[in-house]
Amino acid sequence: MQALLDNLDPLLRALGTTVTITLVAGVAALVLGTLVTIARVSPVPVLRGAAFCYVQFFVNVPLLALLLLAVFALPDAGLIMPLTTTAVVVLAVYEAAYVAEAVRSGVNTIPPGQLEAARALGLRLPQILRLVVVPQALRAVVQPLGNVMIALVMNSALAATVGVVELTSAVNKVNLVEAQPIPIFAGAGLVYMAIALAIGLAAGRIEKKVAIAR
Amino acid sequence: MRSMLTRRRTPVLAALLTAVALTTAACSDGGSSDTGVPPADDTAAASGLEAVFADAPVADEADILPDSTMAAIKERGVLRVGAALDAPLLSQQDPSNPDEVSGFDIDLAKLLAIYILGEPSIEIVPPASETREALLANGTVDVVFNTYTITEERAEQISFAGPYFTSGLAVAVTADNDDISGIEDLGGKNVIVGANTPAVTAVPEEQPTAEVTSFATDPQAVQALVQGRGDAYVQDYILLATNAASNPDIKIVGDPFTAEPYGIGLKHDDADFKQFVNTWLETIQDEGQWAAVWEETLGTVSDSGAPTPPEIGSVPGS
């Protein structure tokens, strides 16, 4: 434990990076994932097909492969971004596929009668989505989205392999000097656990607050 | 009917996309790891060392003390070694024949197995670099041959036999870079290092203003340097020499700026085993097997002959 306390400063900075990556990628994934779901349930076949392919691609390719491709293959194609930015973008598009699947299950909870009623009231498609479908779909899947966000925190550790100095990378460095892998990695594990617990509890409270009384 | 059709067709498309992505990944990986090992030398190394292994020293029955670690290994019939599988010239697995692992570290491990068991019977436990101390402490491995730099912090957790080799960190830059001529020019620069290598701490010590970016493997770090993600790559001189020999895009500038004494990691406070391994090390240095292994592995990228091995126990922590 002393080994961790001696290196508190760089570790806290790295924890900050982990939290920042999670927040930025998390918000981006929620927005992108919701848009993908809207495309997925839209009446336009091309959009539906594109959204389906998007989800299948990102759910079926390992995140590490995506990260390595983005960091080492994109520069050959002429696109070079800072490492942390690259990691955030990859995490966001990857988790968006899982967000999309969660939100789609929320869409499925909306009774078809509501859509018919909305149409009968003269609402146009964008209005139906904005006023009827998306608000109810999101409220129904707060806990699953919380789980996706927890997975995002854990997945952010993979950024360590491509040179981003986040929590996992920082504890690796500390271990290199102190040579005490068990307390050091157990400590890091506890911090990840605390973040996951915080997200889980927050999701529980948000769910209670926004639950739809039926 | 319509939805049935779409459902059947799209997974095929997704599978194709995945296949394309994976092939690209495989290509880039294969391309960069190829750079490490000159294939022609590999076969030479294997055949060249057969004779060395055949004549390698074997410990006297009396040296295998009863109830010692050596006796336990002999009883088991195999030496468990913590070692990398992706370190060219040090410990490299042959991609086409996974049973064939060769290099300076692993060939020495085979010599130690011969010394104890009479045959080069080893079992490799990778990846060892983050968890070497734990693997030794809980007995998963008997010894660690893993470019394991002897430090006093590490010596509190485990014991080191040796040192058996001394290397040092050097600086590599892209071939067209004429601004950097050594570690002294790295102040304020973005420096690439390998994760869990001594460079992670050595670079900030030499150049506090340098920004350090670490990558998980050596091929990744080389790729990052070539793509301009950093100004220089600091790594073990031998490894850089191997990279530079096969990759015209990078070059080594300046001399090594540290001395890294590599030790053989052993369980802490096992004085008998440490003494035993040190005796073995002296024996193979005196009888020439140490130099023969060096010639077949690290010697293939060096212009000079086998160096004088470092004196055993000459480093704090050993």
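The values are calculated or read from the model by the stated rules, or taken from the named source; none is laboratory data. In this text, all values refer to a predicted model and were calculated from it rather than measured experimentally. Note that we place each Cβ from the backbone using ideal geometry, even for glycine, and neighbour counts take in every protein chain shown.
Computed quantities for the displayed model
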{"read-out": "Residue in segment B:245-260 that is buried (at least 16 other Cβ atoms within 10 Å of the Cβ), over 20 Å from B:Val173 (Cα atoms) and not small (Gly, Ala, Ser) present", "value": "yes"}
{"read-out": "Residues of segment A:28-58 classified as free of Cβ contacts under 8 Å to residues at least 24 places away in the same chain and among the charged types (D, E, K, R), total", "value": "1"}
{"read-out": "Extreme residue, nearest to the other protein chains (Cβ to nearest Cβ), among residues of segment B:105-133 that are of a type in the set (Gly, Ala, Ser) and buried (at least 18 other Cβ atoms within 10 Å of the Cβ)", "value": "B:Ser129"}
{"read-out": "Flag for A:Thr37 being under 30 Å from B:Pro204 (Cβ atoms) and hydroxyl-bearing (Ser, Thr, Tyr)", "value": "no"}
{"read-out": "Condition check for B:Thr308: assigned by TED's automatic domain parsing to the domain that holds B:Gly139 and hydroxyl-bearing (Ser, Thr, Tyr)", "value": "no"}
{"read-out": "Count of segment A:3-19 residues which are assigned to a helix (DSSP H, G or I) and in contact (Cβ under 8 Å) with a residue 60 or more places away in the chain", "value": "11"}
{"read-out": "Close pairs (8 angstrom Cβ cut-off, 6 or more residues apart or separate chains): among the basic types (Lys, Arg) in segment B:83-110, part of a strand (DSSP E or B) anywhere", "value": "B:Lys110/B:Ile122"}
{"read-out": "Wholly enclosed strands (runs of 3 or more DSSP E) of segment B:104-174 bearing at least 3 residues within 30 Å of B:Asn247 (Cα to Cα)", "value": "B:143-149, B:159-167, B:169-174"}
{"read-out": "Residue check, B:Leu65 touching a strand residue (DSSP E or B) at 6+ places or on another chain (Cβ under 8 Å), hydrophobic (A, V, I, L, M, F, W, C) and either assigned by TED's automatic domain parsing to the domain that holds B:Ala216 or surrounded by 13 or more Cβ atoms within 10 Å (Cβ to Cβ) (or both)", "value": "no"}
{"read-out": "Residues satisfying the stated conditions in segment A:154-167, i.e. without any contact (Cβ under 8 Å) to a residue 60 or more places away in the chain and over 16 Å from the mean Cα position of the chain (by Cα)", "value": "A:Ala160"}
{"read-out": "Per-region count, segment B:175-202, residues within 14 Å of another protein chain (Cβ to nearest Cβ) and outside any loop (DSSP other than H, G, I, E, B)", "value": "9"}
{"read-out": "Strands (runs of 3 or more DSSP E) contained entirely in segment B:203-268, each with at least 2 residues that are away from every other protein chain (no Cβ under 13 Å), closer than 15 Å to B:Thr147 by Cβ and in contact (Cβ under 8 Å) with a residue 24 or more places away in the chain", "value": "B:232-236, B:260-266"}
{"read-out": "The listed residue being of a type in the set (Val, Ile, Thr) and modelled with pLDDT under 95, out of A:Val90, A:Val71, A:Val99", "value": "A:Val71"}
{"read-out": "Tally, over segment A:189-214, of residues that are touching a residue at least 12 places away in the same chain (Cβ under 8 Å) and assigned to a helix (DSSP H, G or I)", "value": "12"}
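Conditions (1) within 15 Å of the chain's Cα centre (by Cα); (2) within 30 Å of A:Pro183 (Cα to Cα), marked per residue:
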residue: A:Leu5; (1), (2): no, yes
residue: A:Asp9; (1), (2): no, yes
residue: A:Thr18; (1), (2): yes, yes
residue: A:Val36; (1), (2): yes, no
residue: A:Arg48; (1), (2): no, no
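Residue-by-condition table, conditions (1) within 10 Å of chain B (Cβ to nearest Cβ); (2) more than 22 Å from A:Leu64 (Cα to Cα):
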position	(1), (2)
A:Ala140	no, yes
A:Ala157	no, no
A:Gln180	yes, yes
A:Ala186	no, yes
A:Ala196	no, no
A:Ile199	no, yes
A:Lys208	no, yes
